[in-house]
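Quick notes on the structure that follows.
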Amino acid sequence: MTTSVLLLADTHLPKRAKVLPDPVLRAIDDVDVVIHAGDWVDVATLDLLESRARRLVGVAGNNDGPDLRTRLPEIARLRLDGVDLAVVHETGSATGREKRMDVAFPDTDLLVFGHSHIPWNTTSTAGLRLLNPGSPTDRRRQPYATFMRVVLDDGRVDSVSLERLPPR
């Protein structure tokens, strides 16, 4: 059995965009689990994803106010298809990230994070997979706005694809 997962972060609605792009909304409908790594900014986005996703896992980010923080944890942990996951918003500087996260999340197979708006896909020396989907609404210095699709299968990350969104 496989589990399809959509990774989002840093949607910043309605400050960076008014709505989630259509490809993201269609992707939500196609997956088993949606994971959002923080900086939602508005409660309406959380409500939308809760109503649309089969299963939603999310955390609060540094731009999320008290209305979101009362509904979302700082760190989420779960087991999906034999894979131990953790979700956080911020992991600090890119330099030394893998080593710091190995220490912070020793019993984790996959760490999903956001904050930088920069897509990230690495594996630490200890075997921790680190994924940042970028942002589907605020590309900042990146060439594209992005999100990720992940397939989990029998205790492993089977595939990861970075999805580029067309310019708005």
Tally of residues being among the β-branched types (V, I, T), assigned to a loop (DSSP other than H, G, I, E, B) and buried (at least 16 other Cβ atoms within 10 Å of the Cβ) across region 1-24: 1
Which listed residue is among the aliphatic types (A, V, I, L, M) and in contact (Cβ under 8 Å) with a residue 60 or more places away in the chain, from L165, L56, L111, L72: L165
From S116, S93, residue being part of a loop (DSSP other than H, G, I, E, B), touching a residue at least 12 places away in the same chain (Cβ under 8 Å) and more than 22 Å from K18 (Cβ to Cβ): S116
Positions within region 29-67 being more than 22 Å from S116 (Cα to Cα) and in contact with a helix residue (DSSP H, G or I) (Cβ under 6 Å, 6 or more places away or on another chain), in sequence order: R52, A53, D67
Residues (without any contact (Cβ under 8 Å) to a residue 40 or more places away in the chain and either surrounded by fewer than 21 Cβ atoms within 10 Å (Cβ to Cβ) or more than 23 Å from L80 (Cβ to Cβ) (or both)) located in region 33-47: V41, D42, V43, A44, D47
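Which residues, counting only those in region 119-136, are among the polar types (S, T, N, Q) and either closer than 16 Å to S161 by Cβ or assigned to a strand (DSSP E or B) (or both)?
Scanning region 119-136 gives N121, T122, T123, N132.
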Test result for T123, farther than 20 Å from D30 by Cβ, of a type outside the set (A, V, I, L, M, F, W, C) and under 13 Å from the mean Cα position of the chain (by Cα): no
Failed item in (1) under 23 Å from P167 (Cβ atoms); (2) touching a residue at least 24 places away in the same chain (Cβ under 8 Å), with N62 passing the rest: (1)
Residue that is at pLDDT 95 or above and under 17 Å from V157 (Cα atoms), where the choices are R79, R71: R79
Residue that is surrounded by the most Cβ atoms within 10 Å (Cβ to Cβ) [pool: residues in region 138-156 that are touching a strand residue (DSSP E or B) at 6+ places or on another chain (Cβ under 6 Å) and not in a loop (DSSP other than H, G, I, E, B)]: F147
Matching residues in region 119-155 - criterion: being more than 18 Å from V87 (Cβ to Cβ) and of a type in the set (D, E, K, R): D138, R139, R140, R141, D153, D154
Subset tally (residues that are surrounded by 14 or more Cβ atoms within 10 Å (Cβ to Cβ) and either polar (S, T, N, Q) or in a loop (DSSP other than H, G, I, E, B) (or both)) for region 48-57: 2
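The values are calculated or read from the model by the stated rules, or taken from the named source; none is laboratory data. This one's a predicted model, so the numbers in the text were calculated from it and none came from an experiment. Every residue, glycine among them, receives a Cβ derived from its backbone with ideal geometry; neighbour counts consider all protein chains shown.
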